[in-house]
Amino acid sequence: MNEKLSKQELHNLAMNIVGKLLESEGYEFLGVNSKLKRDPQFVVLKDKKLSFIIVRAVSYPEDANAYDPQFMATIKEHATKFEARTFYAGVGLGHGDDYGKPVLKNEDYTLIYNGLQEIK
């Protein structure tokens, strides 16, 4: 039986998913931080606009679109000093056969990702 992905491995998977989408949308990467508890994960530039992006991997029953408003306000305050926009990218990950079960190494996974949510 395959083992569950660690928190760091789930985080890396979520970052890869978001990173590939950002790249396909024409974002230029100025900074990438894949360590847990180090924010923001991506500092990107598009159309001469700087953005800070927070990526979170979540598992059932957590809502991939829900974020901690106090924490995001802190990130937004920091981003404002750089005239940057702030985004949240929540990535829901579950087992390929049943979203309610954990992701296992070398097995398919289910993904819930609704894009970037701008923090206003």
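The values are calculated or read from the model by the stated rules, or taken from the named source; none is laboratory data. Remember, predicted model here, so these are calculated numbers, not experimental data. In this analysis, Cβ positions are derived from the backbone assuming ideal geometry, glycine residues included, and neighbour counts consider all displayed protein chains.
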- Task: Taking Asp39 as the residue in question, decide whether it is of a type in the set (Asp, Glu) and surrounded by 13 or more Cβ atoms within 10 Å (Cβ to Cβ).
- Result: yes
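Which residue, of Ser24, Ser51, Ser59, is over 19 Å from Glu83 (Cβ atoms) and either surrounded by 11 or more Cβ atoms within 10 Å (Cβ to Cβ) or at pLDDT below 95 (or both)? Let's see the steps before the verdict.
Numbers: Ser24 fails: either surrounded by 11 or more Cβ atoms within 10 Å (Cβ to Cβ) or at pLDDT below 95 (or both); Ser51 fails: over 19 Å from Glu83 (Cβ atoms).
After ruling out the rest, the residue left standing is Ser59.
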Of those in region 76-99 that are among the hydrophobic types (A, V, I, L, M, F, W, C) and outside any strand (DSSP E or B), the residue nearest to Ser59 (Cα to Cα) is Ala79
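Per-residue answers, yes or no, for (1) surrounded by 13 or more Cβ atoms within 10 Å (Cβ to Cβ); (2) over 23 Å from Glu3 (Cα atoms); (3) at pLDDT 95 or above:
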site: Lys20; (1), (2), (3): no, yes, yes
site: Lys46; (1), (2), (3): yes, yes, yes
site: Phe87; (1), (2), (3): yes, yes, yes
site: Gly96; (1), (2), (3): yes, no, no
site: Gln117; (1), (2), (3): yes, yes, yes
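How about region 62-82: which of its residues are among the aromatic types (Phe, Trp, Tyr) and surrounded by 12 or more Cβ atoms within 10 Å (Cβ to Cβ)? Reasoning before the result, please.
Step one: list which residues in region 62-82 are among the aromatic types (Phe, Trp, Tyr), which gives 67, 71, 82.
Scanning region 62-82 gives Tyr67, Phe71.
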